[in-house]
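Novice: To start, I am sharing the structure in question, which I have written as structure tokens.
The values are calculated or read from the model by the stated rules, or taken from the named source; none is laboratory data. What you are looking at is a predicted structure, and each value in this text was computed from that prediction instead of being measured. Here Cβ is always computed from backbone atoms with ideal geometry, including for glycine, and neighbour counts include all displayed protein chains.
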Amino acid sequence: MKLVDPVRYVSLKASGRLPSPKGLALAIIRLLQRDDYNLDELVRLVQSDPAIAGELLKFSNTANFGHNTPIVSLPKAVTTLGTRQVRVIVTAFSVIHNYRSGNCPQFDYEKFWSRSLATAISAQALAPYAKFNTEENFTAGLLCSLGELALASIFSERYGEIISKSEDFHTRVELEQKAFGCDHRELNATLLLEWGLPLMIVTAIYNCEAPDEADFQEGSRIHGLTLSLHIALALADICMADDATRKEMLPSLHAKASRLAISEKDMNQMMENIFASWQDWGEQLKIKTRDITSLA
């Protein structure tokens, strides 16, 4: 994994246009960085933003899956999730709410967040196959393309030209390096490490577009995590596609899924659940999704 040169990164931050948590989310993150914070302080902050409170309750009930009693109190939700998960969830959703539009006309911000949400939901569904925490995989999926948003925010005009010239991953990385002295993977990894995401997750995000180039040991935890994000990106593309194109994409998806020992039958059922969850989350977060014909 390669990060942005520190001197270069300072100059990028100085632009003031890098995506970052703001407002209440930033206050929560700073509170959680203190050694002497207490739960009551955190709950008071979270309660002042119903949207953040709702997301934490939803995630805590996912983490509590299998138990009969739903979690309805914020103190219990925070305890169930743990402070690290609270921090990454708050960070992720703060970025969504604050960067819904921008100045790069070729960058489709609405499509970006719709695809990112589909990636997150897919990553969460794939987490058991990767033997990884479902909530952390959701966050990883949600943020795994953030470097593209960062480049669109800082270099609106020049990045728009690159988008119009390239569609495949390797060409885009080459053009980004030539134009900006870094690419979206490096900028994403540098941002996420600064925000406090675990190194393993950031490493998997960095390599998820081309997992075989990372040379991870087959069967290792980092290999499984990276593959799950790679498959999640493919699932997100299927969510975004029209019905005819989606059918053509299925054989490639099934081939990728087989690397995590996911059968075609299980993957097809998983997709039906992902489609429904994507539309449900999209409605709650005011992110546009699309109606999808059942695979059956």
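Novice: Which one is modelled with the lowest pLDDT among residues in segment 270-296 that are over 15 Å from Ala123 (Cα atoms) and assigned to a helix (DSSP H, G or I)?
Specialist: Of everything passing the filter in segment 270-296, Gln284 is modelled with the lowest pLDDT.
Novice: Continuing with the same structure: In segment 258-296, how many are in contact with a Ser or Thr (Cβ under 7 Å, 6 or more places away or on another chain) and β-branched (Val, Ile, Thr)? Break it down into steps so the answer makes sense when it comes.
Specialist: Kept after step one, since they are in contact with a Ser or Thr (Cβ under 7 Å, 6 or more places away or on another chain), are these residues of segment 258-296: 260, 272, 274, 278-279, 282, 287-289.
With the extra rule that they be β-branched (Val, Ile, Thr), the set shrinks to 274, 287, 289.
The number of residues fulfilling the criteria is 3.
Novice: Oh, and also: Looking only at residues in segment 81-113 that are of a type in the set (Ser, Thr, Tyr) and buried (at least 21 other Cβ atoms within 10 Å of the Cβ), which one is farthest from the chain's Cα centre (by Cα)? So that I can check it myself, show each step before the final result.
Specialist: Taking segment 81-113 and keeping what is of a type in the set (Ser, Thr, Tyr), we get 83, 91, 94, 99, 101, 109.
Narrowing the set further to residues that are buried (at least 21 other Cβ atoms within 10 Å of the Cβ) leaves 91, 94.
Details: Thr91: 11, Ser94: 13 Å.
Of everything passing the filter in segment 81-113, Ser94 is farthest from the chain's Cα centre (by Cα).
Novice: Looking only at segment 14-53, which residues are under 22 Å from the mean Cα position of the chain (by Cα), assigned to a helix (DSSP H, G or I) and either outside the structural domain of Thr80 (by TED's automatic domain parsing) or small (Gly, Ala, Ser) (or both)?
Specialist: Gly23, Ala25, Ala27, Ala51, Ala53
Novice: I'm checking my understanding of the structure. Among residues of segment 206-221 that are part of a helix (DSSP H, G or I) and in contact with a helix residue (DSSP H, G or I) (Cβ under 6 Å, 6 or more places away or on another chain), which one is farthest from Lys256 (Cα to Cα)? Talk me through it step by step, then tell me what you get.
Specialist: Filtering segment 206-221 for residues part of a helix (DSSP H, G or I) gives 206-207, 211-213, 221.
Those still in the list that are in contact with a helix residue (DSSP H, G or I) (Cβ under 6 Å, 6 or more places away or on another chain) too: 206-207, 211.
Working: Tyr206: 18, Asn207: 15, Pro211: 11 Å.
Looking at the filtered set, the residue picked out is Tyr206.
Novice: Against the condition out of contact with any strand residue (DSSP E or B) (no Cβ under 7 Å at 6 or more places or on another chain), in a helix (DSSP H, G or I) and not aromatic (Phe, Trp, Tyr), how does Ala232 come out, does it pass?
Specialist: On the way: out of contact with any strand residue (DSSP E or B) (no Cβ under 7 Å at 6 or more places or on another chain): yes; in a helix (DSSP H, G or I): yes; not aromatic (Phe, Trp, Tyr): yes.
Taking the combined requirement at face value, the residue satisfies it.
Novice: Separate question: Please enumerate the residues belonging to segment 245-257 that are surrounded by 13 or more Cβ atoms within 10 Å (Cβ to Cβ) and either over 16 Å from Leu295 (Cα atoms) or not aliphatic (A, V, I, L, M) (or both). Even if it seems obvious, please write down each step before you answer.
Specialist: Applying the first criterion (surrounded by 13 or more Cβ atoms within 10 Å (Cβ to Cβ)) to segment 245-257 yields 246-247, 249-250, 253-254, 256-257.
Answer for segment 245-257, where residues must be surrounded by 13 or more Cβ atoms within 10 Å (Cβ to Cβ) and either over 16 Å from Leu295 (Cα atoms) or not aliphatic (A, V, I, L, M) (or both): Arg246, Lys247, His254, Lys256, Ala257.
Novice: Please identify the pairs in which a residue from segment 276-296 that is touching a residue at least 24 places away in the same chain (Cβ under 8 Å) and of a type outside the set (S, T, N, Q) has its Cβ atom under 6 Å from the Cβ atom of a residue that is surrounded by 12 or more Cβ atoms within 10 Å (Cβ to Cβ) and not in a helix (DSSP H, G or I), counting only partners at least 6 apart or on another chain.
Specialist: Taking only residues 6 or more apart or on different chains, the pairs are Trp278/Thr289; Gly282/Thr289.
Novice: What pairs come out if I take residues in segment 204-222 that are in contact (Cβ under 8 Å) with a residue 40 or more places away in the chain and pair them with residues that are among the aromatic types (Phe, Trp, Tyr) and assigned to a helix (DSSP H, G or I) whose C-beta lies under 6 Å away, six or more apart or interchain?
Specialist: Short answer, once both residue conditions are applied: Glu209/Phe169.
Novice: All but one of (1) exposed (fewer than 11 other Cβ atoms within 10 Å of the Cβ); (2) out of contact with any helix residue (DSSP H, G or I) (no Cβ under 9 Å at 6 or more places or on another chain); (3) not hydrophobic (A, V, I, L, M, F, W, C) hold for Asp40; which doesn't?
Specialist: (2)
Novice: Can you name every residue in segment 182-196 that is polar (S, T, N, Q) and under 16 Å from Val10 (Cβ atoms)? Before you say what the answer is, go through the steps one by one.
Specialist: At the first step, the residues of segment 182-196 found to be polar (S, T, N, Q) are 188, 190.
Listed by number, the list holds a single entry, Thr190.
Novice: Write out, first by first residue and then by second, each pair whose Cβ atoms fall under 8 Å of each other, whose residues are 6+ apart or on separate chains, and whose first residue, in segment 89-113, is touching a residue at least 12 places away in the same chain (Cβ under 8 Å) and basic (Lys, Arg) while the second is assigned to a helix (DSSP H, G or I) and buried (at least 22 other Cβ atoms within 10 Å of the Cβ).
Specialist: Filtered contacts from segment 89-113: Arg100/Trp113.
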